[in-house]
Every structure is written in structure tokens, then in C-alpha cells.
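Laboratory data are not the source of any read-out in this text; all were calculated from the coordinates shown. This one's a predicted model, so the numbers in the text were calculated from it and none came from an experiment. All Cβ positions, even for glycine, are placed from backbone atoms using ideal geometry, and neighbour counts span all protein chains on display.
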Amino acid sequence: MTNTEPNNTQQAESSANRSLPIVENFTRRAVVKGGFATLGAAAFVAAVSPLRQAAKSTTAVEFMQQHYTELSPEQKADVIARLEAETKEKYGADVTIADDRPIPGTKFVYAINLSVCNGNGKCVEACHKENNHDRSTNQSYIRVIEMPKGTMDMEKGSTTYSGIVPKDDKFYLPVQCQQCDEPPCVEVCPVKATWKEEDGIVVVDYNWCIGCRYCEAACPYHARRFNWKQPEVPSEELNPDQSYLSNRVRPVGVVEKCTYCLHRTRRGKLPACLEACPTGARVFGNILDKNSNIRWILENKRVYILKEELGTKPAFFYYFD
Amino acid sequence: MPRIASLFFAVLLCLFASMALAVLWQSVNSADAHASRVAEAHMSQASANWKEAHPVIIRKPSGPPRIELAGTDPQGRTASVACSTCHSVRQANLENKAAATLDEFHQGMTFNHGNITCYACHNPNESDALRLADGSSVAYENVMTLCSQCHSKQADSFAHGAHGGMNGHWDLSRGPQMKNNCIDCHDPHVPKYPKMIVGFKPKDRFNEPSNSEHQQEGTAAHDKH
């Protein structure tokens, strides 16, 4: 008896195994598998859809373009011709994109007279127009901050003031890229799409930028801007006088910044914001020239450096009468 | 004893080595300084050349003002006259300071330029010109000479580009630079720079001041608790 009992149980088990609804079980697993596979595929498609869109808006040539500093003169000419044609196609305007290089023996420095600046914002507007910023967002490289008197902490100010200026208990602090000698924004760029040139201007290769916005976060002056959308500029308002590293129309999804109007200043002209200033608060020049205005100001006026304690060594100074 | 001797020798060696290094360092530095001096000299020479290439043009006022006459002639034309048309035959009131004390003309004008008389700047002897502090005549075109007598600090800043607007070129080897004169921005009778109205604003919420209503609601809610 003791021998037969286990046999019986084995038989019972095997019969139970045979009667298990194996087929149904398989179907259930397949359904679950299939379901997850479908979900996975959908997620994959959703994940790569920006790539598909990018492929639509990016030509193979553009995708294969080298870093600006590695382009040969012929390649540069090709790139510029392509960009000019693209601008013509997208904006319907004939533009010239130059490749302005630093003038040997120059180091550009800016100074603003805070005793005179009255916050009227003409510089902001001039920058907006000169640099082909998106019209709908009124984008500009300059922010004028209305500050309570008695502090230089720019976080205490506001940019949303309006009406009659200057207000008696306020002063006005225009802030734009300070073209630092120790630029934190350049340090953090993971792809070296931004760098400092010999004349002190920190530039961005818009075609190399991946839009990670690290630089925007690193800048203590909040000087960098991100192109959330393709800039919209009417063709008749487009400034046709452009430069590759400066005011050419930027693609969507890249970071941009003030370049001291290098398409003007590297041709000897004054920056657009300076020419627009009705109060004469802005001074621009070459600090290596001993007789320059900027040298006289640094030697004779009370000069202030914004967030000097951070050690960014700005090429931008504020002064008082 | 020999150990101390070798130690002594080592110290001596170190001393000589450091002296040699110091001398070397100094010579390198002086070479650097010399190079930078040469560069600077070259620079200033270059900038001197730049200054010659293109001028800094200071915009000048167009000349003595003309007074528009009230009313028109039968053909409907207006006319303007020079200051001297009236002032050459009228007695100058050297004491006058304000529009209110004038008996006939210029009564609508406002003056807010320190506590000076009209004839501190206008010339009583030559009404189509201005007058310097020493009594000599200066043309309206050269008004900056007049202003600079009192506002020498501003004139000094102006001469170095630190006062007054400009446009054109920073690099005079490539083009000229145009600068405003005093009265382009400052009305000589009310020289304080006028208030302005902010026009263009980026749609930028950087440090937007918190809404005062919201703050009040917040405090009210806080009080209830």
C-alpha cells in the first residue's frame, strides 16, 4: 500500500497537468507580451519623433557641418552661402553674412554711466532690431533693471517697470553680456560651442550648439537667451548686414548672446545700443589703446564691476560721475 | 664632523642655485616688460595715426535763433526775424532773471538754469551772439565754449567720450565719429535732462514683482489662521 499511494498521487498529478488549460494560459501571456510590445513601440516612436522632425528641418550638409574653428575658408564660404540661401528661402530677404574676425591689437571694453542712464530702454529696442530678434517676444540681449537706491544686488531689481522714467527713488542698471575674461558659460559648455575670441568677445557657433542651456544657467548676469521658437522677423525689418557669429537669424533651440555687435565693432563702428542711447550713458572702445575714451574713464571715474566677487573678470564696467 | 661639513656644502649649493634662479627670473621679467613697453609705444603711435585718419565731428547748432512772428501777411506767409531786429533798439535789462518780470516778449518761456540772469549768457551789445564771462562775444555755433565755463567737469568728460551721445566709429582709422553738442540734449533755458516714457519692453518676467493683491490675500489667509 505504501508503494502504490505515491503512484496514485503521481497519476493524479499527471492527469491534473494534462487537464490544465495550457492554451488559454499561453494566450494570456501573449496578450500581455503583445500589449507591452505595442506600448514599447509607441513609446519608441514618440521618443524618436523629434529626431524625425529634425531630419526634416536639417539637411545632411548642415548636419555634417564642422565646428566653426575647424572650417577651412572654402568650407566657410559654402556654409555662409547655404545660410544666405536659407534666409532668402525662409524670410524672403537678401542678406549678406560676413565672417568678421577680431582686429589685431584690440580688446573691446564697454562702460555705462549709471549717473546718467534713465532706464528709457532705447538700447533694448536697438538691440532687438539690430540683432534680428524674434518680434513676437521682443527678445533682446539687454535688460534694464530698475533698482532701489542703495544696493547693487541685481536680484533686488525689476525689469517690468513702465511709464515715466527716471523715478526719484530708483536707478537703472542695464545688464547684458559682460564678455568675462573668466567666462563661466564657456567653462560649462559640453561641446565647446561657445568660446572667447582674441578681442575679448564670447561667441557662439549657433550651428554647433546643442541647446542644453548649461551656459544659460552658469551665467551670473542672466545674459544668455534661448531660442524657444524659430525667430519671426518680417523680411522688410530683417537687418541684412549680418555676421556668422553675430546677428544672422538663429535656428530654433540654440543659445545666443550679446556679441558687442561684432558685425559692427569689428568693422570699426560703434555698437547699436550705444548709438541708440539718448542719454550718452554708454561708452565703448579698445582698452589697449592708451588714448581711448574707455581708458580715460577707467583711470578717472569711480568704476564699479557687477558681481566682481565671483571672479568672472568682466570686460564691462559701470561708472558714476 | 664630516656629516656637518657635507650639510654645510649642501646649504651653500642651494643658496647659489636660488640666487641663479632669481637672476634668471628677473632678466626674463625685464624682457617681458621691455616687450610690452615696445608694444605700447607702437600702439600709441598707431592710435596717433588713427586720430589723423578721420575726425571726431561735434555737431554744431545751426546759428543764432530766429523768432517766428505771430500772424501772417496777406499772402498767408509767416515770417521770422533775427534777435537784433528788436534788441538793437531796446534797452537791455541786465538784472532780469525770469519770464514773469518781462513786460512784452518771451513771456511764455520757462527758465530753470541756476540763478543766472538772461545776460549772463546772452550778449547785450550784440544780440545775435552770446557772451562769455569775460564780456567777449561768442557765436551761437560755439555755444559749447560758453557752457564749458561753468560746466568744466562735464566738458572734460565730454572731451573723453564720457558725457554725451555719439555715433559713427570707435575706430577713427575706419571712419568718423559724430558727437552731440551740449544743447542737443540740454535745453539751455531748462538744462535738466527731461523725463522719458518707457516704450519698448521685452516680454521678460525676470524678477517680476509679486502681485500685491496676491500678497494681501496671503496675509489675510495667514491672519485667519
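Within the listed set A:ALA93, A:ALA42, A:ALA81, the residue fluctuating most in the Gaussian network model of chain A (springs between alpha-carbon atoms under 10 angstrom) is A:ALA42. Computed on the Cα trace of segment A:159-220, the radius of gyration divided by the Kirkwood hydrodynamic radius gives Rg/Rh = 1.15.
Extension gain for A:GLU308-A:ASP99 works out to 72.0 nm (0.36 nm per residue, less the C-alpha to C-alpha distance). Scalar couplings 3J(HN,Hα) for segment A:83-99, obtained by applying the Karplus form with A = 6.51, B = -1.76, C = 1.60 to θ = phi - 60°, are 5, 5, 5, 5, 4, 4, 5, 7, 10, x, 10, 7, 10, 10, 9, 8, 10 Hz; x denotes Gly and Pro. The Cα atoms of segment A:107-169 cover 36, 34, 20 Å along the three principal axes, with the biggest extent listed first. Which FRET efficiency value, to the nearest 0.05, is calculated for A:MET64 and B:LYS203 with the Förster distance at 41 angstrom and r the Cβ-Cβ distance? So the FRET efficiency works out to roughly 0.70. For the residue pairs B:LYS153/B:LYS179; A:LYS90/A:LYS129; A:LYS149/A:LYS290; A:LYS156/A:LYS290; A:LYS229/B:LYS203; A:LYS90/A:LYS122, alpha carbon separations beyond 26 Å are given by A:LYS149/A:LYS290; A:LYS156/A:LYS290; A:LYS90/A:LYS122. Between amide H atoms placed 1.01 Å from N, distances below 5 Å from A:PHE317 occur with A:TYR110, A:ALA111, A:ILE112, all of them 5 or more places distant or on a separate chain. Considering chain A as a Gaussian network with a 10 Å cut-off on Cα pairs, which listed residue, A:TRP195, A:TRP208, A:TRP296, attains the greatest mean-square fluctuation? For chain A, modelled as a Gaussian network with Cα springs under 10 Å, the answer is A:TRP296. Calculate, for B:ASP184 and A:GLU89, the FRET efficiency according to 1/(1 + (r/R0)^6) with r their C-beta to C-beta distance and R0 51 Å; round to the nearest 0.05. FRET efficiency, B:ASP184 to A:GLU89: 0.70. Backbone geometry of segment A:166-183 corresponds, through the Karplus equation with coefficients 6.51, -1.76 and 1.60 at θ = phi - 60°, to 3J(HN,Hα) couplings of x, 7, 5, 9, 10, 10, 10, 10, x, 10, 9, 4, 8, 6, 4, 7, 10, x Hz, x marking Gly and Pro. Per residue of peptide A:142-155, the mean number of Cβ atoms on other chains within 10 Å of the residue Cβ is 1. Gyration tensor analysis over the Cα atoms of chain A returns equivalent ellipsoid semi-axes of 59, 26, 19 Å (largest first, whole Å). Kirkwood's formula applied to the C-alpha pairs of segment B:78-185 gives a hydrodynamic radius of 16.3 angstrom. For the segment A:265-278, counting C-beta atoms of other chains within 10 Å of every residue's C-beta and taking the mean gives 4.
What does the average come to when, for each residue of peptide A:282-294, you count the partner chain Cβ atoms lying within 10 Å of its Cβ?
Values: counts 3, 7, 3, 3, 5, 0, 5, 8, 6, 7, 6, 8, 4.
Going residue by residue through A:282-294 and averaging, the value is 5.
From its DSSP helices (H runs of at least four residues, each -39,500 (n - 2.57)), chain A gives a residue-normalised ellipticity at 222 nm of -10500 deg cm²/dmol.
Evaluate Rg over Rh across segment A:219-311, taking Cα atoms for both radii and Kirkwood's formula for Rh. That ratio equals 1.02.
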